[in-house]
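Contents: one structure, followed by commentary.
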Amino acid sequence: MSEQGKGSASASSAAPTPGSDTYKGWLFKWTNYLKGYQRRWFVLSNGLLSYYRTQAEMAHTCRGTINLATAHIDTEDACNIVLSSGGRTYHLKASTEVERQRWVTALELAKAKAIRMMNDQSDDSGDEEPRSQSDRSEIQGTLKILVSKLDDLSTCNDLIAKHGAALQRSLSELEGLKVPVEGGEKIKAVNERATLFRITSNAMINACRDFLDLAETHSRRWQRALQYEREQRTHLEETIEQLAKQHNSLERAWREAPTLASTTPTATTTNKGGSERLRKEEASDEDEDTEYFDAMEDSPAFITVTATESTQHRRSQSNLSGASGGQPNDWNQVDHMSSSCNDVSGKELQPRRQRRTRVPDKPNYSLNLWSIMKNCIGKELSKIPMPVNFNEPLSMLQRLTEDLEYHELLDKAARCDSSLEQMCLVSAFSVSSYSTTVHRTAKPFNPLLGETYELDRLEEFGYRSLCEQVSHHPPAAAHHVISQRGWTLWQEITIASKFRGKYLSIMPLGAIHLHFHSSGNHYVWRKVTSTVHNIIVGKLWIDQSGDIEILNNRTKETCQLKFSPYSYFSRDVPRKVTGVVSDSGGQAHYILSGTWDDKIESAKIVQSSRGSSGSEGKQKTVYQTLSPKLLWKKYPLPENAENMYYFSALALTLNEQEEGVGLTDSRLRPDQKLMEEGRWDEANSEKQRLEEKQRAVRRRREAEATDALDDECDYDSGKEYEGYQPLWFHQRRDSVTGETNFVYRGGYWEAKETQDWSMCTDIF
């Protein structure tokens, strides 16, 4: 690593103290192995840390921005700072430890403030709809009406004072006249009442005057705050638009430039991986305009050694694909797994129903992405009205059903006598659900409340699946699968997603349960975070990152899976997954490895020992294993898949019309069918109609809830208003996780048998 300009001051003398709204200064930023640390001008403002090559660039070119609300701040040594967020990592260095501490303090304060602002914004978000010109006009009109009402109140104030004084004078004059004694007493009583009225009116006038002063003060404050927010929004839009234009120009320049790889001299080294990386860096015209992802900080905590002849011993950082020294054997061959796992029941040999193998090709419609996405920064994705141009003709319920594409792994697991071998297959199944996402960058349709989707494969594969949208805000779907081959799977998934300007984070919340009938083994796990990169410009790509812990609640055996995020500097294969299967005592028995878009292998551990310390100083465990065996491999995509939304063979059949499905089934959703047929303009109109219909139903339901609450207060009937209740699922407390989830209540397949759908509401 080279460090340039290390003696330069890291902060400007004009920079405000930490804790102010803006903090600026010079820091050294790690760029790449060729150029090392480079001096950059950093600006911390409004929870965003941006950097530029020079101070002059602040007016026109931002080199990168990181949102502190979702960032992790760490310090490596006396002068280093590490910021990571959404798969992006900045390695920064200050010139002194004191300056480093100033920056850390400023970053921590800005992060806390950004988190508070984000929470306040999410609490007040409600049913956010895009602000149109008419909305802004309505707000301006409302403000004008309020101003006029304040003027009327001020006028009434003056009139009350004027007429009150005149009334008092008239009564005083009347009291001075010569009248009978009885009349004088009445006049005196009226005068006393007028005096009380004057005192009360003066009190009201003083209160109104105080309110008027307070309203004017707050009005000016609100106007300043509103103006500030408008300026910040405008500045952010201009910055991101400028960044998008720069990316476009860079892409055009790159496409027009001649190939550099053939003319660039490469470094002479015996390390093939290192030479390839140097060639890539030298040929890439890199200088801060290209974004690089730093190496993964958490390296594997173990090393595997294949137990073959000594001349064939190979070590890898948990990369077992090549550890066997040959092609991995197929799972069904004789291997270290018990033969019971490989028994094939007669039902699997039954002929399958012929299903469709293609859908109409995706039309080539152009769309101005920036005009739509610039209004979506920081908002919940499920609350953003999107045209179908960003969708694929499947709903989120159907995407959830796609988890069953490799159901045969569970069929094999149900026949396993060993719970550890069963755990390996369950782990492979949990990874296989991500294989369909590698090219699927389009957004599925948000299901309507009460929408369902059934997948009846009882005759072909022995299972039946049912999904229902049980909540709209937050969006939540319940899923239940029952198989005649010895297993039941259920889950409730809530999708939390945020658009952050350059990438989209999708965080599935909720546990997945899997129960095997014969053994009673009950497995529970959760999904990892998915990130969609290059939202504004460039080619969209998806990455999966995070950890999965699969727990067998009966035996307390576990599998720890790690999805490694993509790293430019890593020597590992992209989309890598590693895992360790351990018994209840923590002793490891199997090593899992592979990629979530291709295959997963298993290697049985025959011996383990403590090895030497790694690069981070941590002592690693060395596992001696048998040759890895193939657990799961992805099916090849159908022919012409790139023109059919990259659908898998199962996905192509999900929208195929079937007789007897429920009236709320996703196959019957009109906008989705129109999109699949290539009639996108009609699909957009139909989508708007359905969304407006759903809003009307929600408003009516909210009005009924309000009326019921009023009636309860008036009559004290003791009856509580029951909000929306799903048709096929109900909430129950899970005895394993302790969480309250929606589980299948039954009745759907019986209703299908009798074709009695009278209980279904008209949602389409």
Legend entry - Per-pair calculated FRET efficiency, R0 = 30 Å: residue 148 and residue 201 via Cβ, rounded to 0.05: 0.85
Legend entry - Karplus (6.51, -1.76, 1.60) ³J(HN,Hα), θ = phi - 60°, over the stretch 462-471, in Hz, Gly and Pro reported as x: x, 10, 10, 10, 9, 10, 9, 7, 9, 8
Legend entry - Phi to ³J(HN,Hα) by Karplus 6.51 cos²θ - 1.76 cosθ + 1.60 over the stretch 205-216, Hz, x for Gly, Pro: 4, 5, 5, 5, 5, 5, 4, 4, 4, 5, 5, 5
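Taking the mean number of other Cβ atoms within 10 Å as a proxy for protection, how do you rank 474-485, 191-202, 211-222 from highest to lowest?
Working: 474-485: 20.7, 191-202: 13.1, 211-222: 11.5.
Sorting 474-485, 191-202, 211-222 by mean packing, highest first, produces 474-485, 191-202, 211-222.
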Inset, instruction - May I ask for the net charge around residue 652, where only other residues with Cβ less than 12 Å from the Cβ of residue 652 are counted and Lys, Arg are +1 while Asp, Glu are -1? - result: -3
Legend entry - Mean Cβ count within 10 Å, highest first, over the residues of peptides 741-751, 55-65: 741-751, 55-65
Inset, instruction - Name the residues whose placed amide hydrogens come within less than 5 Å of the amide hydrogen of residue 665, ignoring near sequence neighbours (fewer than 5 apart) on the same chain. - result: 452
Inset, instruction - Starting from the Cα of residue 220, step 7 Å along the direction of its Cβ; do the same at residue 105; then give the gap between the two resulting points in nm. - result: 3.4 nm
Inset, instruction - First select every other residue whose beta carbon is under 13 angstrom from the beta carbon of residue 164; then total the charges, Lys and Arg +1, Asp and Glu -1. - result: +3
Legend entry - Among 156-168, 40-52, the order from most to least packed when residues are scored by Cβ within 10 Å on average: 40-52, 156-168
Legend entry - ³J(HN,Hα), Karplus 6.51/-1.76/1.60, whole Hz, each residue of the stretch 693-706, x for Gly, Pro: 5, 5, 5, 4, 5, 5, 5, 5, 5, 5, 5, 4, 5, 5
Inset, instruction - Taking H placed 1.01 Å from N in the peptide plane, check which residues at least 5 places from residue 625 or on another chain put their amide H under 5 Å from its amide H. - result: 305, 306, 307, 606
Legend entry - Amide H contacts of residue 24 (H built 1.01 Å from N, under 5 Å, at least 5 apart or other chain): 44
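Values in this text are rule-based calculations from the coordinates and carry no lab data. Predicted, not measured: the structure shown is a model, and the values here were computed from it. Backbone-built Cβ (ideal geometry, glycine too); neighbour counts: all protein chains shown.
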